[in-house]
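No value in this document is a laboratory result; all are computed from the given coordinates. Note that the structure is a prediction, hence the values are computed from the model and not measured. Reconstructed Cβ throughout: ideal geometry from the backbone, glycine too, with neighbour counts over all protein chains shown.
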Protein chains: 2
Amino acid sequence: MQETVTAAVQRAIEALRRGEPILLYDADGREEETDMAIASEFVTPDAIRTLRKEAGGLICTTVPSEARDRMGLPFLSQLLGEAAALHPVLARPLATAAPYDPVASPFSITINHRDTRTGVTDRDRALTVSRFAQLVGEALRHENGWAIEALGREFRSPGHVPLLNAADGLVARRRGHTELTTALVTMAGLIPSATICEMMADDGRALSKEDAKEYAEAKNLVFLEGQDVIEAWRAWSG
Amino acid sequence: MQETVTAAVQRAIEALRRGEPILLYDADGREEETDMAIASEFVTPDAIRTLRKEAGGLICTTVPSEARDRMGLPFLSQLLGEAAALHPVLARPLATAAPYDPVASPFSITINHRDTRTGVTDRDRALTVSRFAQLVGEALRHENGWAIEALGREFRSPGHVPLLNAADGLVARRRGHTELTTALVTMAGLIPSATICEMMADDGRALSKEDAKEYAEAKNLVFLEGQDVIEAWRAWSG
């Protein structure tokens, strides 16, 4: 069993290194959603089109906590909380927790690369994501202060790509798609950012785990569950 | 010519009243994008699926300025600007203008209805949008203060439906899809909120005006240009 998990995670890591999408179901009793995930550094306009047509949810890009700290990127829920004194409407609807998770939503700000036009086309979102991935990679190699300046030089906000701040310690702290996919690209030795999108069904609900597995088989994609990643991460980081 | 414009706008108004999508191209030299638009009060899970599959951009819901004022809903760019003192990263990337428009981005906060689960499924987004539309309708019939309380009672933020704040005076002030579609549902006598999504092509770009027209003919949908709405609005509001 342990070997099977290792083999599945290894296949996912190899697919991510080739720039291919993988499918990741979080867990029964949690969101119970399957996200399609691609390493952000390899995101192309074709990849964005695949995510929006084959998955259908929101296309978001994850930020590992080390890069988040270098960039000083706040959580959106934190910004809304701080803004409540000036904007009373923000006091009450502030989300501190989703129904399935005691930890706050990973949403951070939304961005567009400054060389985009409207920001929403496949070309524009691919440029935003791939250049942001480069910045994540570089942020970790520079002094503090550099990443804050670089983000502002290259990107605008608000934009059309929501950033997702991964929890400190990744899956040790939170087991959402944000942390699970960021752990996978980290173990793959890639720039530690994934671009992810929830898979929808035609009946108004999320694609079921069984249908996601079938889709993965039909398309020859790797399908994983959160627990597989958590076990691999424990072995890798321990 | 004037009659043709009036007839096209009239057909769009009738389609919106039936809960059907219409297609709206803004203008040459502006975004040059066609949005699919539906009156928010009629948004169903099927409508969300149509928007994500047939259009492919971001699915957003517009807020007329009267309701925005009642709810005290800030522009996201304003929130980011105010937060820059606490979060230096927000000082530089703050977007005050897009390349095609001197007026700030209409993005406001993102919301989920409190009865949603993950917030992103077609059912969840349809619940969020249709209940938000009801709130817009009711906000205009209540005293100040009611709408701020009602928004917090019914919705969480951050969520999966971005709100778009329409400019004061609608198309007299800004001629984006936000204002154009809100003007259309207003002229239709519906709750003045539209749910809109940019139409994408398979080549990485936005769907061209010509291809959007062809799509509209094939699907028997109304296609309009921004100028048609601006002229109709002038006659209607003058």
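Listed here are the pairs B:53/B:219; A:219/B:213; A:219/B:219; A:209/B:219; which of them are more than 25 Å apart at the Cα?
A:219/B:213; A:219/B:219; A:209/B:219
Which of A:86, A:184, A:163 moves most in a GNM of chain A, Cα contacts under 10 Å?
Judging by the Gaussian network model, the answer is A:86.
Assigning unit charges at the beta carbon (Lys, Arg +1; Asp, Glu -1) and nothing else, what dipole magnitude in debye, to the nearest 20, does the protein assembly as shown show about its Cα centre?
800 debye
Compute the distance in nm between two label points, each set 7 Å from the Cα along the Cα-to-Cβ direction, one at residue B:69 and one at residue A:208.
So the label points at residue B:69 and residue A:208 sit 5.1 nm apart.
With Kirkwood's inverse mean 1/r over C-alpha pairs for Rh, give me the Rg to Rh ratio of region A:113-238, two decimals please.
For region A:113-238, the value is 1.01.
Find which of B:220, B:86, B:152 sits farthest along the positive direction of the dipole of the protein assembly as shown, computed with +1 on the beta-carbon of Lys and Arg, -1 on that of Asp and Glu, about the Cα centre.
It is B:86, whose Cα lies furthest towards the positive end.
Please compute the alpha carbon radius of gyration of the protein assembly as shown, then divide it by the globular-protein estimate 2.2 N^0.38 Å. Two decimals is fine.
0.95
Can you give the local net charge around residue B:186? Use residues other than it whose beta-carbon is closer than 11 angstrom to its beta-carbon, Lys and Arg +1, Asp and Glu -1.
-2
Determine the calculated [θ] at 222 nm for chain B from helices alone, applying -39500 (n - 2.57) to every DSSP H run no shorter than 4 residues and normalising by the residue count; nearest 500 deg cm²/dmol.
-12500 deg cm²/dmol
Any idea how far apart residue A:86 and residue B:86 come out in nm if each label point goes 7 Å out from Cα toward Cβ?
Between residue A:86 and residue B:86, the simple spin-label model gives 1.0 nm.
If you put +1 on each Lys and Arg Cβ and -1 on each Asp and Glu Cβ, how big is the dipole of chain A around its Cα centre, in Debye rounded to 20?
Computed about the Cα centre, the dipole is about 780 debye.
Residues with amide H under 5 Å of residue B:111's amide H, sequence separation 5 or more or different chain, H placed in the peptide plane at 1.01 Å from N; which?
B:159, B:160, B:161, B:163
Can you tell me, using C-alpha contacts under 8 Å and at least 6 residues apart, the relative contact order of chain A as a whole percent?
35 percent
Could you tell me how many cubic angstrom of Cα convex hull volume region A:116-167 has per residue?
85 Å³
Once you sort the root eigenvalues of the Cα gyration tensor of chain B as a ≥ b ≥ c, which label holds: rounded (a/c under 1.5), prolate (a/b larger than b/c) or oblate (the other case)?
Taking the square roots of the gyration eigenvalues as a ≥ b ≥ c, chain B is rounded.
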